Amino acid sequence: MTSRRKFLAGSAIGAASTLAAPAVVAQTSPIKWRLQTYSGAPLGAHVIKPQIEAFNTAANGEMEIELYYADQLVPTGELFRALQSGVIDAVQSDEASMNAPVDIAVFGGYFPFATRYSLDVPALFKYYGLQEIWQEAYDEVDNVTWLSTGAWDPLHIFTKDPIRSLADMKGKRVFGVPTAGKFLSRYGLIPVTIPWDDVEVALQTGELDGVAWCGFTEAYEVGWADICNYALTNSITGAWFGSYFANTKSWEKVPPHLQELFKITIDQSHYYRDVWYWGGEAKLRVEGDKMELTSIPPAEWATVVKDAEGFWDEVAAQGDRPKRVVEAFKKYAAVMEKAGYPYR
């Protein structure tokens with residue numbers, strides 16, 4: 001028996017020396033990340049869950065991302081601080097909602113009349129300098145890496161009582177995103193900030209009169225269309241600006257091939273959302289039967305569009321980067337108008 005063991009050991013050593021390949025150090029356990037999104041679970045099933053599932057599958061055991069929805073680990077308003085400190089490894093959100101300490105945070109989410117369609121967002125980043133401006137802003141922030149910005153849905157107002165004029169907005173308490181809420185407050189709308197999961201109950205109890213947070217697709221998907229009776233067809237802007245961020249130390253621990261995989265699946269998520277929203281908005285405005293459509297007359301709505309020009313100038317006056325973003329919006333809008341159909 002002893003001689004047999006020696007023979008087998010010797011054979012193994014001989015084979016190893018003859019057929020040896022470069023040494024490979026096996027990864028003992030996968031890299032683990034915790035990512036929190038701004039969205040609740042029903043919406044998150046579309047805006048991020050497919051991406052995280054695709055990444056985890058393609059990472060093939062080398063890395064696993066645990067997905068958390070709105071307020072599950074930290075309140076949305078504290079997401080940036082939690083990301084920066086390493087409490088969480090990555091975030092999907094707009095800058096304004098998570099209180100990002102950058103001078104371009106006002107443009108995250110819904111910036112009034114900055115866009116008409118979802119494709120406006122990636123076009124602005126690729127061809128009009130927003131990519132460089134966002135990178136520049138986050139290069140000045142410790143331990144946070146900005147990865148990508150994409151488009152979500154347009155912004156409409158959904159309420160329990162109808163809005164058919166600007167006067168009808170007065171006193172209505174709505175759950176909404178910060179920048180658009182600030183702009184709309186000049187017409188008497190009252191922005192209310194509460195946890196995402198509490199919105200439905202707040203609508204039912206009368207604590208809220210409506211939402212100014214999304215478009216038709218989300219209103220139907222998350223159940224708000226079951227409670228709100230009216231949908232205002234005048235949109236405040238055409239697409240939400242949402243971004244992906246990583247804790248820099250966590251990001252640097254990820255090998256390059258997995259970094260690239262994560263960025264590829266972010267692009268996949270951008271594509272998924274563009275199609276989901278584009279088709280959903282039109283279909284539900286035409287075929288949706290849960291809310292009555294109302295409109296503010298064009299002449300009256302034109303005053304809101306005009307007011308937005310002043311709002312843009314106020315924001316531009318806040319600093320060099322905000323000024324450059326507003327200039328990009330103005331240049332882009334002018335090009336789209338001159339291009340005509342199908343751009344405008």
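The values are calculated or read from the model by the stated rules, or taken from the named source; none is laboratory data. Please read these numbers as outputs of a predicted model, since none were measured by experiment. FYI the Cβ positions are ideal-geometry reconstructions off the backbone, even for glycines, and counts take in every protein chain you see. Protein only, heavy atoms only, side chains kept; ligands, DNA and RNA dropped before computing areas. Shrake-Rupley method; radii C 1.70, N 1.55, O 1.52, S 1.80 Å.
Spot the failing condition for Ala282; the list is (1) touching a residue at least 24 places away in the same chain (Cβ under 8 Å); (2) under 22 Å from Ala151 (Cα atoms); (3) open to solvent by less than 80 Å² (accessible area, probe 1.4 Å), and only one is missed.
Single failed check for Ala282: (1).
Out of the residues in segment 285-305 that are touching a Phe, Trp or Tyr at 6+ places or on another chain (Cβ under 9 Å) and among the aliphatic types (A, V, I, L, M), state the one that is most open to solvent (accessible area, probe 1.4 Å).
Leu293
List the number of the failed condition for Gln268; all other conditions in (1) over 24 Å from the mean Cα position of the chain (by Cα); (2) surrounded by fewer than 17 Cβ atoms within 10 Å (Cβ to Cβ) hold.
It is condition (1) that Gln268 fails.
Look through segment 131-146, keep the residues that are within 16 Å of the chain's Cα centre (by Cα) and touching a residue at least 40 places away in the same chain (Cβ under 8 Å), and return whichever of them is most open to solvent (accessible area, probe 1.4 Å).
Checked segment 131-146; the qualifying residue most open to solvent (accessible area, probe 1.4 Å) is Thr145.
For segment 147-169, enumerate the residues that are open to solvent by less than 10 Å² (accessible area, probe 1.4 Å) and under 25 Å from Leu43 (Cα atoms).
Passing the criteria: Gly150, Ala151, Trp152, Asp153, Leu155, His156, Ile157, Phe158, Thr159.
Which residues, counting only those in segment 238-258, are part of a helix (DSSP H, G or I) and open to solvent by 40 Å² or more (accessible area, probe 1.4 Å)?
Lys249, Glu252, Pro256, His257
Does Lys49 satisfy the criteria of being under 14 Å from the mean Cα position of the chain (by Cα), open to solvent by 30 Å² or more (accessible area, probe 1.4 Å), more than 21 Å from Glu252 (Cβ to Cβ) and of a type outside the set (Ser, Thr, Tyr)?
The answer is yes for Lys49.
Filter segment 52-104 down to residues that are closer than 26 Å to Thr217 by Cα, out of contact with any Pro (no Cβ under 7 Å at 6 or more places or on another chain) and among the hydroxyl-bearing types (Ser, Thr, Tyr) and give me whichever is surrounded by the most Cβ atoms within 10 Å (Cβ to Cβ).
Of everything passing the filter in segment 52-104, Ser93 is surrounded by the most Cβ atoms within 10 Å (Cβ to Cβ).
Residues Val91, Val87, Val121, Val106: which one is hydrophobic (A, V, I, L, M, F, W, C), part of a loop (DSSP other than H, G, I, E, B) and at pLDDT 95 or above?
Just a single option satisfies the conditions, and that option is Val87.
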